1. Report, in degrees rounded to the nearest 10, the 0 to 90 angle that the Cα long axis of helix 66-75 makes with the longest principal axis of the chain.
2. On a 0 to 90° scale, report how tilted helix 47-59 is relative to the longest principal axis of the chain, with both axes built from alpha carbons and the result rounded to the nearest 10.
3. Using the heavy atoms of the protein chains and a 1.4 angstrom probe, tell me the accessible area per residue for the chain in square angstrom.
4. What is the Cα coordinate range of the range 1-67 on the first, second and third principal axes, sorted by size from largest, in whole angstrom?
5. Please report, as a whole percent, how much of the solvent-accessible surface of the chain comes from carbon and sulfur atoms (probe radius 1.4 Å).
6. Ranked from highest to lowest mean number of other Cβ atoms within 10 Å per residue, what is the order of the peptides 7-17, 65-75?
7. Ranked highest first by average number of other Cβ atoms within 10 Å, how do 47-57, 24-34 line up?
8. Karplus couplings for the range 23-28 from phi (6.51 cos²θ - 1.76 cosθ + 1.60, θ = phi - 60°), rounded to Hz, Gly and Pro as x?
Amino acid sequence: MKYALCQSCGMPLVDAIKGTNRDKSTNNEYCMHCFQNGEFTDHHLTMHKLEVKILEMAEVHNDLTLEEARQVIKILPTLKRWQMSNL
Ligand SMILES: [Zn+2]
């Protein structure tokens, strides 16, 4: 079975990193880095800024491989957060 992806940053949405709703319940669409207490943690985040951040995670912090980073960047436009911003 495939993990769901955070609908903002495209990271695999495992239980340990799920975001929270305003009532402190678990949010099943976004991770804790993107979404906390019912709000996006960074309202000014754009898809482009996110791409830069993901590449940085790969190149500077080695949180993921460059290949993984490219995969994530490729799916960003299909995620819920960024589809809404195009409306
Ligand atoms: Zn996220």
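1. 50 degrees
2. 60 degrees
3. On the way: 5960 Å² over 87 residues.
Accessible area per residue: 69 Å².
4. Principal extents (largest minus smallest coordinate, Cα): 36, 33, 17 Å.
5. Carbon and sulfur together cover 55 percent of it.
6. 7-17, 65-75
7. Working: 47-57: 14.9, 24-34: 16.5.
Result, highest mean first: 24-34, 47-57.
8. 8, 6, 6, 7, 9, 9
The values are calculated or read from the model by the stated rules, or taken from the named source; none is laboratory data. Given the structure is predicted, the values throughout are model-derived calculations rather than measurements. We place every Cβ from the backbone using ideal geometry, glycine too, and count neighbours over all the protein chains shown. The protein model used for the area step is the full one, side chains on, heavy atoms only, and it has no ligands, DNA or RNA in it. Shrake-Rupley method; radii C 1.70, N 1.55, O 1.52, S 1.80 Å.
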